[in-house]
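**Student:** Dropping a structure here in structure tokens format, bear with me for questions.
The values are calculated or read from the model by the stated rules, or taken from the named source; none is laboratory data. Computed from a predicted structure; not experimentally measured. We place every Cβ from the backbone using ideal geometry, glycine too, and count neighbours over all the protein chains shown. Protein only, heavy atoms only, side chains kept; ligands, DNA and RNA dropped before computing areas. Shrake-Rupley method; radii C 1.70, N 1.55, O 1.52, S 1.80 Å.
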Amino acid sequence: MASQKQSLTIEPALLGLLRQQPMHPYELFQQLQQKKALGFIWRVKQSHLYALLDRLEADGYLTHQLELQGSRPPRKILSLTPAGEALFIAWVTTPVAHGRDIRLEFMAKLYFACHEGAAQAGQLLDRQLACCRQWLAENEQRIASLPVNSFERLVLRYRSGQLQATVLWLEECRYELNQRWNRQAQGGA
């Protein structure tokens, strides 16, 4: 990933899955195919997944051990290296840099942040809210400087609408997760 301009969403998410427990590549593929959690966010072809895992290992974020299986060929069990752990932690705590990244990358970050706990998820939501509010304010400033009948103004009004909806959704997420964590802290389900 060091050679890329920007990492793909799925690479740090793969590190997050392996952070939960070491596993073999096909097991990762099966998890990503399930229609819950990350499988609900995106799909990845098995060959592409294996190429990503090979690259993560070549870049030093993963390591493997061979697990013997009797008469069958040994299978590779992947686990995080300290560098992989650090990359994942940096990724999961950083808000996305563009509104267009909310749909995939932020959803994956939120999934893992929730697994990390209430404080981690709350911090991520607060940071992302601050970014979105800043983007919205900057967008509104640009709109105010444009002629009323310009095409650019129409496009930026559309972006403002998206950002307003995103801010509202993030606030709702924060509220719902706070409600869930408060019930859990009080011994409820």
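**Student:** Can you confirm whether GLU105 is open to solvent by 60 Å² or more (accessible area, probe 1.4 Å), among the acidic types (Asp, Glu) and assigned to a helix (DSSP H, G or I)?
**Tutor:** Judged against the criteria, GLU105 is not a match.
**Student:** Follow-up. Give ARG127, ARG100 a once-over and let me know the one that is under 23 Å from LEU15 (Cα atoms), free of Cβ contacts under 8 Å to residues at least 12 places away in the same chain and open to solvent by 70 Å² or more (accessible area, probe 1.4 Å).
**Tutor:** When all the criteria are applied, what remains is ARG100.
**Student:** Something else about it: Evaluate region 105-114: report whether one residue or more is aromatic (Phe, Trp, Tyr), over 17 Å from CYS173 (Cα atoms) and without any contact (Cβ under 8 Å) to a residue 60 or more places away in the chain.
**Tutor:** No, every residue in region 105-114 fails to be aromatic (Phe, Trp, Tyr), over 17 Å from CYS173 (Cα atoms) and without any contact (Cβ under 8 Å) to a residue 60 or more places away in the chain.
**Student:** Which residues, counting only those in region 18-72, are in contact with a strand residue (DSSP E or B) (Cβ under 7 Å, 6 or more places away or on another chain), within 26 Å of ALA86 (Cβ to Cβ), open to solvent by less than 80 Å² (accessible area, probe 1.4 Å) and without any contact (Cβ under 8 Å) to a residue 12 or more places away in the chain?
**Tutor:** Scanning region 18-72 gives no hits.
**Student:** Among residues belonging to region 1-17 that are out of contact with any strand residue (DSSP E or B) (no Cβ under 8 Å at 6 or more places or on another chain) and modelled with pLDDT of 85 or more, point out the one that is farthest from PRO95 (Cα to Cα).
**Tutor:** In this case the residue turns out to be LEU14.
**Student:** Output the residue which, of all residues in region 73-92 that are modelled with pLDDT of 95 or more and not hydrophobic (A, V, I, L, M, F, W, C), is most open to solvent (accessible area, probe 1.4 Å).
**Tutor:** My answer is PRO82.
**Student:** Kindly check whether there is at least one residue in region 62-78 that is closer than 23 Å to GLN120 by Cβ, touching a helix residue (DSSP H, G or I) at 6+ places or on another chain (Cβ under 6 Å) and assigned to a strand (DSSP E or B).
**Tutor:** Within region 62-78, one or more residues are closer than 23 Å to GLN120 by Cβ, touching a helix residue (DSSP H, G or I) at 6+ places or on another chain (Cβ under 6 Å) and assigned to a strand (DSSP E or B).
**Student:** Could you count how many residues in region 39-86 are among the hydroxyl-bearing types (Ser, Thr, Tyr) and under 17 Å from GLN20 (Cα atoms)?
**Tutor:** Matching residues across region 39-86 total 4.
**Student:** Mind listing just one residue for me: the one in region 130-171 that is in a helix (DSSP H, G or I) and among the small types (Gly, Ala, Ser) and, of those, most open to solvent (accessible area, probe 1.4 Å)?
**Tutor:** Of everything passing the filter in region 130-171, ALA144 is most open to solvent (accessible area, probe 1.4 Å).
**Student:** Something else now. Run GLN33 past the list (1) modelled with pLDDT of 90 or more; (2) touching a Gly at 6+ places or on another chain (Cβ under 7 Å); (3) not charged (D, E, K, R) and report the number of the one that doesn't hold.
**Tutor:** It is condition (1) that GLN33 fails.
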